[in-house]
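Take a look at this one; I'll ask things after.
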Amino acid sequence: MPESRLRPEVPFDKDGKHTGYVRLYHSVHESAYGFIPIPIVVIRNGEGPTALLMSGNHGDEYEGQVALCRLAQQLDAKDIKGRIIIFPMANFPAGMAGRRTSPIDGGNLNRLFPGDPDGTVTQQIAYFISSVLVPMLDVSVDLHSGGSSLMYVPSALARTPDEGEQRDRVLKYVKAFAAPVAYLSTASQGTGDDRTLSGLIVARGKVAIGTELGGSGTVTPVALRMAERGIRNVLAEMGILPASWRRPGEVPTRMLEIGGNEWFVYTPEPGVFEPLVELGDTVKAGQPAALIHFPETPWRPPVEAKFLRDGLVLCKRVPGRTQRGDCLFHLGTDIDA
Ligand SMILES: [Zn+2]
């Protein structure tokens, strides 16, 4: 496996709390010998498991970035046993721009794994994560939100193998997060799969969990609090933090699944999106989900989009203007897990 060209300023195997940047050398007109400074915090105290805590995989998802800033400031090596790697602005150029994708190469980090050591900036970041960080970790938590175009019921989530010991371990950590709602992706929607960080980590037999923490390009306080508690609970479950740091959820986690394309509602024609349900509503197959209006042809009646199955509305599109192929909603359905 070729070596990543990115250069971390911090050690991964020394005790203590180490802060600095992963340098991605990027020679451009304005800065011939310059580097892109991707922040990283490594906290280590002796032998033990390693947690990778990541956010900013998409640059316009902010709750995770705030949660990991606060954690990086609050935790010291003496608090832990083992190692925590905090990588809070993984796609740094996208994070600085407040965009899902990188303004440098248009790269969506979470569709570029395992990456390429000689590829574009975003491909090089993906390769650093998959070749340097992933081999070190036992459990990863990748904190996402809905971003600029979607809003979520704040949830923990995971992609799980169908059965076996790895599935049991993943479920243990999803439940440890203690979110009111958690969902499992049990079938491919074609949206990310093995090109995502969690897909890569699960394929390597390790535990990857994630979140969707609100969205709309803003910080939702209730989702932020949920994430902060969930991260500590996962670290306590791993034995990195003492059990006394653990906090139960207000309610038992409601476990849902997303089983495939039937769980999604897409825009049938370009127009203006009028939602007919709200986040958290329970809906039935065939129920109208949205009307698409055509203000450019105001005498034309709107077109209806319907739910294809029963479920709980987990995710909703934010912007009013929409194109054919945009996701308007997706559902989750209750499972025993
Ligand atoms: Zn995301």
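The values are calculated or read from the model by the stated rules, or taken from the named source; none is laboratory data. As the structure is a computational prediction, the values presented were derived from the model and not from experiment. Positions of Cβ are generated from backbone atoms using ideal geometry, with glycine treated the same way; all protein chains shown enter the neighbour counts. Quick note on the areas: whole protein, heavy atoms, side chains included, nothing else; ligands and nucleic acids left out. Shrake-Rupley method; radii C 1.70, N 1.55, O 1.52, S 1.80 Å.
Out of (1) away from the ligand (no atom under 14 Å from the Cβ); (2) open to solvent by 10 Å² or more (accessible area, probe 1.4 Å); (3) touching a helix residue (DSSP H, G or I) at 6+ places or on another chain (Cβ under 7 Å), the odd one out for V153 is which?
(3)
Please find, among V134, V170, V121, the residue that is touching a strand residue (DSSP E or B) at 6+ places or on another chain (Cβ under 7 Å), under 28 Å from A337 (Cα atoms) and not acidic (D, E).
V170
Also, quick follow-up: Which condition number does V42 fail, the rest of (1) out of contact with any Lys or Arg (no Cβ under 9 Å at 6 or more places or on another chain); (2) crowded, with 21+ Cβ neighbours inside 10 Å being met?
In the conditions (1) out of contact with any Lys or Arg (no Cβ under 9 Å at 6 or more places or on another chain); (2) crowded, with 21+ Cβ neighbours inside 10 Å, V42 misses (1) alone.
Sticking with this one: One residue is enough: does the stretch 111-129 have a residue meeting the conditions within 21 Å of M226 (Cβ to Cβ) and within 16 Å of the ligand (Cβ to nearest atom)?
no
With the condition kept exactly as written, say whether any residue in the stretch 158-178 is closer than 18 Å to H58 by Cβ and open to solvent by less than 10 Å² (accessible area, probe 1.4 Å).
Looking for residues that are closer than 18 Å to H58 by Cβ and open to solvent by less than 10 Å² (accessible area, probe 1.4 Å), one finds at least one in the stretch 158-178, hence yes.
Go through the stretch 1-21 residue by residue and tally those that are closer than 19 Å to Q73 by Cβ and part of a strand (DSSP E or B).
Here the count works out to 6.
For the condition surrounded by 15 or more Cβ atoms within 10 Å (Cβ to Cβ) and among the hydroxyl-bearing types (S, T, Y), what is the one hit in T282, T322? Walk me through it before giving the result.
On the way: T282 fails: surrounded by 15 or more Cβ atoms within 10 Å (Cβ to Cβ).
The unique qualifying residue is T322.
How many residues are under 16 Å from the mean Cα position of the chain (by Cα) and free of Cβ contacts under 8 Å to residues at least 40 places away in the same chain when one looks only at the stretch 164-214?
So the count comes out to 3.
Now, a different point. Does at least one position in the stretch 48-60 carry a residue that is hydroxyl-bearing (S, T, Y), surrounded by 18 or more Cβ atoms within 10 Å (Cβ to Cβ) and under 22 Å from E228 (Cβ atoms)?
Yes, that holds for at least one residue.
To continue, here is another question. Only one residue in D105, D116 is more than 14 Å from H26 (Cβ to Cβ) and among the acidic types (D, E). Which one?
None of the others qualify; the one that does is D116.
Identify, from the list G146, G107, G95, the residue that is buried (at least 18 other Cβ atoms within 10 Å of the Cβ), within 16 Å of the ligand (Cβ to nearest atom) and closer than 22 Å to R159 by Cα.
Numbers: G107 fails: closer than 22 Å to R159 by Cα; G95 fails: closer than 22 Å to R159 by Cα.
Within the list G146, G107, G95, the selection yields G146.
Another question, then. Return only the number of the condition from (1) within 16 Å of the ligand (Cβ to nearest atom); (2) within 24 Å of L241 (Cα to Cα) that R100 does not satisfy.
(2)
If the Cβ limit is 9 Å and pairs must be 6+ apart or interchain, which residue in the stretch 1-16 that is farther than 14 Å from Y127 by Cβ and touching a residue at least 60 places away in the same chain (Cβ under 8 Å) pairs with which residue that is among the hydroxyl-bearing types (S, T, Y) and not in a loop (DSSP other than H, G, I, E, B)?
Hits for this filter: F12/T50.
Next up: Does the stretch 182-196 contain at least one residue that is in contact with a strand residue (DSSP E or B) (Cβ under 7 Å, 6 or more places away or on another chain), closer than 23 Å to E228 by Cβ and open to solvent by 30 Å² or more (accessible area, probe 1.4 Å)?
No, the stretch 182-196 has no match at all.
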